[in-house]
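As structure tokens, the structure follows; a few thoughts come after it.
Values in this text are rule-based calculations from the coordinates and carry no lab data. This one's a predicted model, so the numbers in the text were calculated from it and none came from an experiment. So basically every Cβ, Gly included, is an ideal-geometry build from the backbone, and we count neighbours across all protein chains shown.
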Amino acid sequence: MADESNASNLGGRYAQALFDLATDEKAQAAVEADLKSLKAALAESRDLKILIGSPAFSAEDKGKGLAAIADKAKFNPTTKKFLGLLAANGRANALASVITGFEDLAAKARGAVSAEVTTALPLSAAQEKGVAAALRQALGKDPEITTRVDPAILGGIRVKVGSRLFDASLRSKLESLKFALKRA
């Protein structure tokens, strides 16, 4: 647990540094787009997760891997340099928290709020609009929604905005019922 909060704090510091640099170089939108595609690659590629997270790979190997991805995807030079620095400093394992931190900073700068919506099945366009409208009303700001499908929640919805979590998933309701039955 301590490692997780340390990585999150570390990721936040790196995200702030990257955000400040991207803003100074007027490349904020390009860097954000690069990080979004890198986030998608992290979510989809088991090999990339292993490369980033495994201590078996040296900082140099991680840097080469990230550089190859950045070149192939034609990332902004600021993003490329940052990924190289992150790997060289032995902090490639904090990449996911850096991306999350950068997205939060960019959303805040635009006056929007990031929300992660998890459902058991993919949302239709109408459902996504309904969730966005409900979040807009509840938060008073425009939400930038990232959807994720997780069959493990069985049904319902889970919405995470910052450190707040609204959990109306079937799994959590069943666990609550199970706990209540154990106590009775």
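Order of Val98, Val131, Val117 from fewest to most other C-beta atoms within 10 Å?
Working: Val98 28, Val131 19, Val117 22.
The fewest-first ordering by Cβ neighbours comes to Val131, Val117, Val98.
Within a 10 angstrom radius of the beta carbon, how do Ser58, Ser163 rank from fewest other beta carbons to most? Kindly include the intermediate steps, with their values, before the conclusion.
Working: Ser58 11, Ser163 5.
In order of increasing Cβ crowding within 10 Å: Ser163, Ser58.
What residues qualify as long-range amide H neighbours of Gly156, i.e. H under 5 Å apart, gap of 5 or more or another chain, H built at 1.01 Å from N?
Under 5 Å from the amide H of Gly156 lie the amide H atoms of Ala120, Leu170, each far enough along the sequence or on another chain.
What FRET efficiency do you get for Ala40 and Ser172 if R0 is 35 Å and r is their Cβ-Cβ distance, rounded to the nearest 0.05?
Working: r = 27 Å, r/R0 = 0.77.
Given R0 = 35 Å and the Cβ-Cβ separation, E is 0.85.
Enumerate the amide H contacts of Val113 below 5 Å, restricted to partners 5 or more residues apart or on another chain; note that Pro and chain-start residues carry no placed amide H.
Counting only residues 5 or more places away or on other chains, the set is Asp142, Glu144.
When the helices in the chain are scored as -39500 (n - 2.57) per DSSP H run of 4 or longer and the sum is shared across all residues, what 222 nm value do you end up with, to the nearest 500 deg cm²/dmol?
On the way: 8 runs with 119 residues, N = 184.
Dividing the helical sum by the residues of the chain leaves -21000 deg cm²/dmol.
So, in nm, how far is label Ala68 from label Ala138 when the simple model puts each one 7 Å beyond its Cα toward the Cβ?
If labels sit at Ala68 and Ala138, their model points lie 4.3 nm apart.
Which of Asp104, Asp142, Asp24 moves the most in a Gaussian network model of the chain with Cα springs under 10 Å?
Looking only at Asp104, Asp142, Asp24, the largest GNM fluctuation is found for Asp24.
Whole Å is fine, so just give me how far the alpha carbon centre of the range 23-84 lies from that of the range 120-184.
About 30 Å separates the Cα centre of the range 23-84 from the one of the range 120-184.
Against the 2.2 N^0.38 Å scaling, with N counting residues, where does the range 1-138 land? I'd like the Cα-based Rg ratio to two decimal places. Before the final figure, lay out the partial values.
Numbers: Rg = 16.0 Å, N = 138, 2.2 N^0.38 = 14.3 Å.
Here the Cα radius of gyration is 1.12 times the empirical estimate.
Using a cut-off of 20 Å between alpha-carbon atoms, which lysines can reach Lys72, once sequence neighbours fewer than 8 places away in the same chain are excluded?
Lys36, Lys39, Lys49, Lys62, Lys64, Lys80, Lys81
For the chain, set up a GNM with springs between Cα atoms under 10 Å and report which of Phe82, Phe19, Phe57 has the largest fluctuation.
Phe57
Cα convex hull of the range 104-151: mean projected area in nm², to one decimal? Walk me through the numbers before you get to the answer.
Working: hull surface 13.3 nm².
So the mean shadow area of the Cα hull is 3.3 nm².
Once fully extended, how much extra length lies between Lys129 and Lys160, figured as 0.36 nm per residue of separation less the alpha-carbon to alpha-carbon distance? Show your work: numbers first, answer last.
Details: separation 31, 0.36 × 31 = 11.16 nm, distance 1.66 nm.
Using 0.36 nm per residue and subtracting the Cα-Cα distance, I get 9.5 nm.
Counting Lys and Arg as +1 and Asp and Glu as -1, what is the net charge of the other residues whose Cβ lies under 12 Å from the Cβ of Ala132?
Within the 12 Å Cβ shell, the charges total 0.
With springs only between Cα atoms under 10 Å, which of Ala59, Ala30, Ala126 fluctuates most in a Gaussian network model of the chain?
Highest fluctuation among the options: Ala126.
How fast does the range 112-183 diffuse by Stokes-Einstein, in µm²/s, taking the Kirkwood radius from C-alpha pairs at 25 °C and 0.890 mPa s? Before the final figure, lay out each step's value.
On the way: Rh = 12.9 Å.
D, rounded to a whole number, is 190 µm²/s.
Relative contact order for the chain: what percent, with Cα pairs under 8 Å and sequence separation of 6 or more?
Working: 208 pairs, mean separation 37.1, N = 184.
About 20 percent, as a whole number.
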